[in-house]
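Everything on this sheet refers to the single structure shown next.
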Amino acid sequence: MADKFDVIVIGGGPGGYVAAIRAAQLGLKTACIDSFTGKDGKPAPGGTCLNVGCIPSKALLDSSKHFYHLQHDYEAHGISTKDASIDVPTMIARKDGIVKKLTSGVTQLFKGNKVTYYHGKGNLSAGKQVEVTPVDGSGPIQLEADNVILASGSVSIQIPNVEMDDEYIVDNVGSLDFDTVPETLGVIGAGVIGLELGSVWNRLGAKVTLLEALPGFLAIADKDISKQAAREFKQQGLDIRLGTLVKGAELEDGQVTVTVEDKNGESALTFDRLLVSVGRKPYTEGLLSDDSGVQLTERGQIQVDEQSRSTAQGVWAIGDCVRGPMLAHKASEEGIAVAELIAGKPAHIHFDTVPWVVYTDPEIAWVGKTEQELKEAGMEYNVGSFPFAANGRALAGGQGTGLVKMLADAHSDEILGVHIFGASASELIAECVVAMEFQGSSEDLARIIHAHPTLSEAVHEAALHVERRAIHRGN
Ligand code: FAD
Ligand code: AMP
């Protein structure tokens, strides 16, 4: 006899574990099945995000930022930092400790909310029957539910002729665990992950070369932002080669030779290590039996409607395995919405106000439309901007790089997009998301009191500048 649940969630990343907790909070008998095993061989719910994504990358970004600032900025404060050095195993152990704390925290949250957790691989078949194959090798467990939420996440895309060996040629997982700073690091793909992980090792002293096939830098961001960011990152030592297509890589005697094609034809580059960060694809291996009734799109995503319903009745899918941006907070919000829909509550996700962040230094963050998107759509808009170089708090903190740019409808003044390149952009963007959720105008933000001296005054001034009434810059 199969154990019966109201809700079974397959996948325990930020989509799945959050969905499971919310479903349990709503009084639904809930199970969550997740197969992730930590570096210590123990169950580690939390998915890509907690184990090999958002959190460990931010831990290393933080360590490497300290090291970089120590070497480049402390002297100006009168602080002597002669002979600073980095102990990579200590840095990695700190990161592992943070990951462990958070994955154990998810296990505790499951217990506290009475979510039944299975450390195993889940497979869905017709009639919302789910078979769990435990990681510990014990026999399969049969479960069934009224509703099943699929949250199986994503994995790195691999490219032809570049075979990963997880030591010299790696993806995000391997690059979070290097045991020394490589002298040279090649990074295929100058997207969000390539920039973040490339920055980590660049700040620690590696000579980092980013090989990007597209002719433009960070094409998904607003052009004014990506232009300034490219200039800044080059100054920090990142060698960003645009229009450079990687065609293959060979590992020989501990060196990786990469064949690239650019406007000058084919050539070879040699690195100590190579990071492949060319994007991620939905992961559904072993998830669905032939009779599950769940259909995939041609891109391999689980096909869902606006409210995350799959093609099988009572089966939902969320997070990286479905359409939309591959971001942890998007996955979590979908998880909450689905749990609430299952419990009979109204729920809705606004994809237009999902914030994006690139955790470089300075950070890049945005919400809503870019200027190029507005132009393409033929929209009439006004632009306001404000440089951090004119913000007192930024200057006091040595953070005068970057700007805030705001785009507002030319007729209604509704905010259509905000783009930030600067210190704490990841935090500053939250105010803009709230304003956009409330269909706020630039005038709304312009009339709100912002504490002085704060970086948020740059958002305020950019809002004022939309109608050319900024105080601390020319209009
Ligand atoms: P996942 O987190 O991938 O979780 C899916 C889980 O399901 C995994 O544990 C997997 O093992 C498990 N699973 C899969 N199939 C089965 C099965 N059949 N049975 C049982 N378990 C199964 N996003 C941000 O928003 N901010 C960031 O700063 C950020 N940084 C990132 C940095 C890196 C290096 C990477 C790689 C990603 C980053 N992301 C970031 C993206 C973020 O990690 C993902 O968007 C997020 O993890 C997606 O959540 P999810 O729940 O859909 O899937
Ligand atoms: P993201 O999806 O943000 O992680 O970005 C991945 C980046 O990798 C994109 O900008 C792609 O253009 C780039 N890319 C994909 N394949 C290749 C390749 N073979 N050589 C160089 N860059 C690539």
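The values are calculated or read from the model by the stated rules, or taken from the named source; none is laboratory data. Please read all numbers here as calculations on a predicted model, not as lab measurements. Cβ coordinates were reconstructed from backbone atoms using ideal geometry, including for glycine residues, and neighbour counts include every protein chain displayed.
Figures for the structure shown
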{"quantity": "Qualifying residue in the range 237-256 (condition: polar (S, T, N, Q), away from ligand 2 (no atom under 15 Å from the Cβ) and in a strand (DSSP E or B))", "calculated": "yes"}
{"quantity": "Restricting the range 343-374 to residues that are touching a Ser or Thr at 6+ places or on another chain (Cβ under 8 Å) and of a type in the set (D, E, K, R), the residue that is nearest to ligand 2 (Cβ to nearest atom)", "calculated": "GLU363"}
{"quantity": "Number of the condition not met by LYS82 [criteria: (1) surrounded by 18 or more Cβ atoms within 10 Å (Cβ to Cβ); (2) under 25 Å from GLN236 (Cα atoms)]", "calculated": "(1)"}
{"quantity": "Check on ALA59, within 21 Å of the chain's Cα centre (by Cα), buried (at least 19 other Cβ atoms within 10 Å of the Cβ) and among the aliphatic types (A, V, I, L, M)", "calculated": "yes"}
{"quantity": "Positions within the range 260-283 being more than 13 Å from ligand 2 (Cβ to nearest atom), in contact (Cβ under 8 Å) with a residue 60 or more places away in the chain and either charged (D, E, K, R) or in contact with a Pro (Cβ under 9 Å, 6 or more places away or on another chain) (or both), in sequence order", "calculated": "PHE271, ASP272, ARG273"}
{"quantity": "Among the candidates GLY314, GLY319, GLY324, residue that is within 12 Å of ligand 1 (Cβ to nearest atom), in contact (Cβ under 8 Å) with a residue 40 or more places away in the chain and either out of contact with any Phe, Trp or Tyr (no Cβ under 8 Å at 6 or more places or on another chain) or not aromatic (Phe, Trp, Tyr) (or both)", "calculated": "GLY319"}
{"quantity": "Out of GLY194, GLY205, sole residue that is within 16 Å of ligand 1 (Cβ to nearest atom), among the small types (Gly, Ala, Ser) and either under 18 Å from GLN235 (Cα atoms) or crowded, with 21+ Cβ neighbours inside 10 Å (or both)", "calculated": "GLY194"}
{"quantity": "Any hit, the range 371-391, residues being buried (at least 16 other Cβ atoms within 10 Å of the Cβ) and closer than 17 Å to PRO355 by Cα", "calculated": "yes"}
{"quantity": "Qualifying residues in the range 437-467 (those that are without any contact (Cβ under 8 Å) to a residue 40 or more places away in the chain and among the charged types (D, E, K, R)) - the one surrounded by the fewest Cβ atoms within 10 Å (Cβ to Cβ)", "calculated": "ARG447"}
{"quantity": "Hits in the range 40-89 - residues which are within 30 Å of VAL18 (Cβ to Cβ) and β-branched (Val, Ile, Thr)", "calculated": "THR48, VAL52, ILE55"}
{"quantity": "One residue from GLY13, GLY46, GLY27 being over 14 Å from GLU334 (Cα atoms), within 11 Å of ligand 1 (Cβ to nearest atom) and at pLDDT 95 or above", "calculated": "GLY46"}
{"quantity": "Residue selected from the range 1-54 under the condition more than 21 Å from THR284 (Cβ to Cβ) and among the small types (Gly, Ala, Ser), by the criterion nearest to ligand 2 (Cβ to nearest atom)", "calculated": "GLY38"}
{"quantity": "Single residue of the range 6-52 satisfying the filter (in a strand (DSSP E or B) and surrounded by fewer than 24 Cβ atoms within 10 Å (Cβ to Cβ)) that is farthest from the chain's Cα centre (by Cα)", "calculated": "ASP6"}
{"quantity": "Residue tally, condition in contact with a strand residue (DSSP E or B) (Cβ under 7 Å, 6 or more places away or on another chain), away from ligand 2 (no atom under 16 Å from the Cβ) and among the hydroxyl-bearing types (Ser, Thr, Tyr), over the range 126-159", "calculated": "2"}
{"quantity": "Of residues in the range 428-455 being polar (S, T, N, Q) and touching a helix residue (DSSP H, G or I) at 6+ places or on another chain (Cβ under 6 Å), the one farthest from ASN382 (Cα to Cα)", "calculated": "THR454"}
{"quantity": "Residue list for the range 314-341, restricted to those being charged (D, E, K, R), in a helix (DSSP H, G or I) and surrounded by fewer than 20 Cβ atoms within 10 Å (Cβ to Cβ)", "calculated": "GLU340"}
{"quantity": "Per-region count, the range 342-364, residues over 30 Å from HIS72 (Cα atoms), among the β-branched types (Val, Ile, Thr) and part of a loop (DSSP other than H, G, I, E, B)", "calculated": "2"}
